[in-house]
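A.B. asks: I am attaching a structure below and will ask some questions about it afterwards.
The values are calculated or read from the model by the stated rules, or taken from the named source; none is laboratory data. These numbers were taken from a predicted model, which means no experiment stands behind them. All Cβ positions, even for glycine, are placed from backbone atoms using ideal geometry, and neighbour counts span all protein chains on display.
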Amino acid sequence: MVIDEQSLCYLRRDDPMGHRLLVQQLPALARIGAPVGHYLVSDLPRIADRKVFLLMTSFAPTAADRAAIDALKRDGRVLVFFYAPGLYREGKLSEAAMNELTGIKLRVSVAPLELRVGLRPGHALTTGLERVAYGVGPVAPACWADDPAATVLGTLPDGRAGLVIKPQAGWTAVFSAAPLLPASLLRRIARLGGVHQYVDSEDVVWASREMLAVSVFQPGKRRITLPRAATVRDLYSGHDIAASADRFEVSFAPRATWLFTITPPRSTTPAATR
């Protein structure tokens with residue numbers, strides 16, 4: 001999740017869009033089955049090894065910011081652009097600047113548009129989610145996609161394309177006119193980008209190389225899948241949960257959290273001779 005804090009200054013003082021794109025999007029992001037990092041756009045050169053980038057507020061990226069985003073467009077990465085990416089260049093509205101940043105032909109309306117996206121079938125990201133909708137009420141300015149080379153995944157109430165995907169040379173662009181993407185859709189976007197998902201349920205996951213936490217609301221058994229085989233222990237009791245395993249199961253009480261330590265097996269490669 002990447003935030004361009006300088007672009008937030010282009011929102012009106014009383015505009016709730018910043019809150020919708022940032023704070024209100026967090027609950028769904030926490031339930032994609034994988035950990036989510038939170039960064040500033042200035043961090044991009046240091047996190048280029050990530051697989052999926054959610055560019056939440058890049059309304060008015062500087063030349064340096066644009067270059068950093070352009071550098072991500074390779075190695076099969078998925079870049080998700082929200083609301084009005086690249087809308088302002090040198091303080092002026094520019095559809096051309098949006099197209100250059102996203103690789104998708106976008107249009108802008110200075111009149112308010114209802115930014116509620118209804119998903120449509122026909123793509124792996126949306127099949128089975130046809131009844132899912134997300135977004136907010138009338139917003140100005142507002143953007144939508146108008147690109148015959150992009151696949152429309154969802155439409156606004158007036159039929160304009162509000163969610164599209166467009167494969168590019170070495171990377172994939174996704175554009176959403178509206179904020180508040182549901183966890184079910186975000187999970188599929190993460191999977192498209194090759195992100196490892198620890199659980200196949202919409203439970204909250206935190207993870208690092210050596211620790212993993214899963215928090216649930218509903219009780220029951222969960223199967224947890226690791227990116228590689230490891231020894232898993234309950235952090236609090238110290239009891240072994242699994243040994244040299246890349247998946248395991250545990251039962252959760254209502255509103256419970258398990259916290260595990262993850263220890264990869266020691267390498268069997270002989271140490272180098274001095």
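A.B. asks: How about the range 129-213: which strands (runs of 3 or more DSSP E) wholly inside it have at least 3 residues that are within 19 Å of L119 (Cβ to Cβ)? Explain how you work it out, then say what you get.
C.D. replies: Values: elements: 133-139, 142-145, 151-155, 161-167, 171-176, 204-207.
Correct list: 133-139, 142-145, 151-155, 161-167, 171-176.
A.B. asks: Can I ask one more? Kindly evaluate A145 against the criterion of being touching a Cys at 6+ places or on another chain (Cβ under 7 Å), among the small types (G, A, S) and at pLDDT 95 or above.
C.D. replies: Values: touching a Cys at 6+ places or on another chain (Cβ under 7 Å): no; among the small types (G, A, S): yes; at pLDDT 95 or above: yes.
Against the criterion (touching a Cys at 6+ places or on another chain (Cβ under 7 Å), among the small types (G, A, S) and at pLDDT 95 or above), A145 does not qualify.
A.B. asks: Okay, next question. Do you know which residues across the range 28-45 are at negative phi and in contact (Cβ under 8 Å) with a residue 40 or more places away in the chain?
C.D. replies: Pass one, the range 28-45, residues at negative phi: 28-32, 34-45.
Listed by number, the residues that qualify are A28, L29, A30, R31, I32, A34, P35, D43, L44.
A.B. asks: Let me ask something else. When you go through A173, A178 one by one, which is the residue that is at pLDDT 95 or above, assigned by TED's automatic domain parsing to the domain that holds L22, closer than 25 Å to P16 by Cβ and surrounded by 16 or more Cβ atoms within 10 Å (Cβ to Cβ)?
C.D. replies: Numbers: A173 fails: closer than 25 Å to P16 by Cβ.
Every option except A178 fails the conditions.
A.B. asks: Look through the range 54-111, keep the residues that are of a type in the set (D, E) and in a helix (DSSP H, G or I), and return whichever of them is farthest from P138 (Cα to Cα). Write out each step before concluding.
C.D. replies: Of the range 54-111, the ones of a type in the set (D, E) are 65, 70, 75, 90, 95, 100.
If we keep only those that are in a helix (DSSP H, G or I) too, we end up with 65, 70, 95, 100.
On the way: D65: 29, D70: 31, E95: 20, E100: 26 Å.
Applying the filter and picking the extreme gives D70.
A.B. asks: Here is a follow-up. Can you find a residue in the range 51-67 that is surrounded by fewer than 16 Cβ atoms within 10 Å (Cβ to Cβ), farther than 24 Å from E202 by Cα and among the basic types (K, R)? Before you say what the answer is, go through the steps one by one.
C.D. replies: Pass one, the range 51-67, residues surrounded by fewer than 16 Cβ atoms within 10 Å (Cβ to Cβ): 51, 62-64, 67.
From what is left, the residues that are farther than 24 Å from E202 by Cα are 62-64, 67.
Keeping just the survivors that are among the basic types (K, R) gives none.
Among the residues of the range 51-67, not one is surrounded by fewer than 16 Cβ atoms within 10 Å (Cβ to Cβ), farther than 24 Å from E202 by Cα and among the basic types (K, R), which makes the answer no.
A.B. asks: Also, quick follow-up: Out of all the residues in the range 140-156, which are within 14 Å of S176 (Cα to Cα) and not hydroxyl-bearing (S, T, Y)?
C.D. replies: First, the residues of the range 140-156 that are within 14 Å of S176 (Cα to Cα): 142-147, 150-156.
Within the range 140-156, A142, C143, W144, A145, D146, D147, A150, V152, L153, G154, L156 qualify.
A.B. asks: Just checking, which of E249, E202 is crowded, with 18+ Cβ neighbours inside 10 Å, of a type in the set (D, E, K, R) and out of contact with any Leu (no Cβ under 8 Å at 6 or more places or on another chain)? Break it down into steps so the answer makes sense when it comes.
C.D. replies: Details: E249 fails: crowded, with 18+ Cβ neighbours inside 10 Å.
Selected residue: E202, the only one of E249, E202 that is crowded, with 18+ Cβ neighbours inside 10 Å, of a type in the set (D, E, K, R) and out of contact with any Leu (no Cβ under 8 Å at 6 or more places or on another chain).
A.B. asks: Here's another thing I want to ask about it. I need the full set of residues from the range 110-138 which are over 21 Å from the mean Cα position of the chain (by Cα), more than 17 Å from E95 (Cβ to Cβ) and touching a residue at least 40 places away in the same chain (Cβ under 8 Å), in order please.
C.D. replies: Scanning the range 110-138 gives a single hit, E114.
A.B. asks: Still on this structure: Where residues in the range 214-234 are outside any strand (DSSP E or B) and loosely packed, with under 14 Cβ neighbours inside 10 Å, which of them is nearest to the chain's Cα centre (by Cα)? Before you say what the answer is, go through the steps one by one.
C.D. replies: If we filter the range 214-234 for residues that are outside any strand (DSSP E or B), which is where we start, we get 216-219.
Filter once more, keeping what is loosely packed, with under 14 Cβ neighbours inside 10 Å: 217-219.
Numbers: F217: 22, Q218: 24, P219: 26 Å.
Among those that are outside any strand (DSSP E or B) and loosely packed, with under 14 Cβ neighbours inside 10 Å, it is F217.
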